[in-house]
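Here is the structure we will look at.
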Amino acid sequence: MEYLPKEIVKIIEWGLKGDPERVNIYLNKLIEKLMQEGDVDAMKRLRALQEKAASPVTTSAIGYNRQLPVDGESRLELADEEILDPKNYKVILDTNTHSLIEEFIAFVKNVDELEAHGIYLSPSLITYGPPGTGKTQLARYIAGRLGMPLVIARTDALISSFLGSTSKNLRNLFDHVSQRSCILFLDEIDALAKLRDDHQELGELKRVVVSLLQNLDAMSHHTVLLAATNHEHLLDPAIWRRFSFKIPLKVPEEKERKELLKLYFGSFQKGLNFDLFTSLTNTMTGSDIRTLALDAIRDTVINKLDTVNSDRLVWSCIRICLNNNIITENPSSQDLKAIKKLNSTYFTGLKLAEMFGVSPATISRKLGKREANE
Ligand SMILES: Nc1ncnc2c1ncn2[C@@H]1O[C@H](COP(=O)(O)OP(=O)(O)OP(=O)(O)O)[C@@H](O)[C@H]1O
Ligand SMILES: [Mg+2]
């Protein structure tokens, strides 16, 4: 044999250590390499082997202890574990964020390559931003893309009522993830990592932050760490600094909103005016758009309609835009102005009059003549 690819060495190494997940990761790398080299035959043979072994490899405990640690007092598991199919977890991101995520995925895939060059870096990424912008969804997407299990820390179980036990729980959880190939996800990390100098917090929480820092520093570069927060300003700066990737997730812009609408309306998008609904979903998050679509689809199916009722969808958008305030047949000037702002071409004075069942003169009076005629 002329040379032994390092992926095969790794497959043997992790096979002997009884870690099927890492075997799978290196198998994927080998398959990728074969594909690049054009060895389709060998690639197909390995894929077939992998598919045959897929269920036992990913779902049952083979050879090593995969049991999640529990809190000593409540006996609650300190984390949930998910094995994800990337097909089910799509995320729509702006171009810049998308390329950062790809960069992070490439980083994780090349940890060994970096190690071979004497560079030991732990891949860690934190996302932050308003609720419903896809932080949790993104963690699932990344786990699916990397083909690694996602171990989601359970803050309720981690924070023990026993003094000192929270730090012990953290250590147990970090020990667990460091023994295997997986992604540790600290969702809503602010619950654990609040500022140490926040005088409201008890000494215990300060110890938790110190303990979290120590665990982060001791983490193996084979463990991938993901975290998410809505309150980045509440995070301890020392924790914040530990993350190599810090990615803000924002309320989607026009292009992303259109993609979100297409994604969530799926086969129900026939006949929908996407340009109109892209403007009417201005200020909505990905989560709002998903809810909007699911409600409309439910309505379509229950009422046995051929297509989504566009007028009703317009009303749903208006309701969300006005923070779910019920609009009476007598809308305020303020509400009318907010609706008009969504799409002034669509919501003409006449259209608004028809929608609310009032005279165009009433709309003109409330909006001001110039705005009503715009
Ligand atoms: N950018 C996005 N792309 C695709 N789907 C999205 C996106 N943002 C949100 N969603 C949808 O909205 C749902 C809720 O989003 P998610 O729970 O990921 O938000 P979050 O940022 O974690 O919110 P929170 O801060 O409240 O935890 C997701 O399951 C997903 O279906
Ligand atoms: Mg979340």
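Quick test of your reading of the structure: G72 fulfils all but one of (1) in a loop (DSSP other than H, G, I, E, B); (2) over 27 Å from I31 (Cβ atoms); (3) at pLDDT 90 or above. Name the failing condition by number.
(3)
Do we have any residue at all in segment 272-282 that's within 28 Å of the chain's Cα centre (by Cα), within 16 Å of ligand 2 (Cβ to nearest atom) and not hydrophobic (A, V, I, L, M, F, W, C)?
no
Rundown of residues vs (1) within 22 Å of the chain's Cα centre (by Cα); (2) among the aromatic types (F, W, Y); (3) crowded, with 17+ Cβ neighbours inside 10 Å; (4) closer than 16 Å to T223 by Cβ, yes/no style:
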{"site": "L76", "(1), (2), (3), (4)": "no, no, no, no"}
{"site": "D85", "(1), (2), (3), (4)": "yes, no, no, no"}
{"site": "T95", "(1), (2), (3), (4)": "yes, no, no, no"}
{"site": "I101", "(1), (2), (3), (4)": "yes, no, yes, no"}
{"site": "V108", "(1), (2), (3), (4)": "yes, no, yes, yes"}
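One residue is enough: does segment 76-92 have a residue meeting the conditions more than 28 Å from T166 (Cβ to Cβ), within 16 Å of ligand 1 (Cβ to nearest atom), in a helix (DSSP H, G or I) and at pLDDT 90 or above?
Scanning segment 76-92, I find no residue that is more than 28 Å from T166 (Cβ to Cβ), within 16 Å of ligand 1 (Cβ to nearest atom), in a helix (DSSP H, G or I) and at pLDDT 90 or above, so the answer is no.
The values are calculated or read from the model by the stated rules, or taken from the named source; none is laboratory data. Quick caveat, the model's predicted, so the values are computed rather than measured. Note that we place each Cβ from the backbone using ideal geometry, even for glycine, and neighbour counts take in every protein chain shown.
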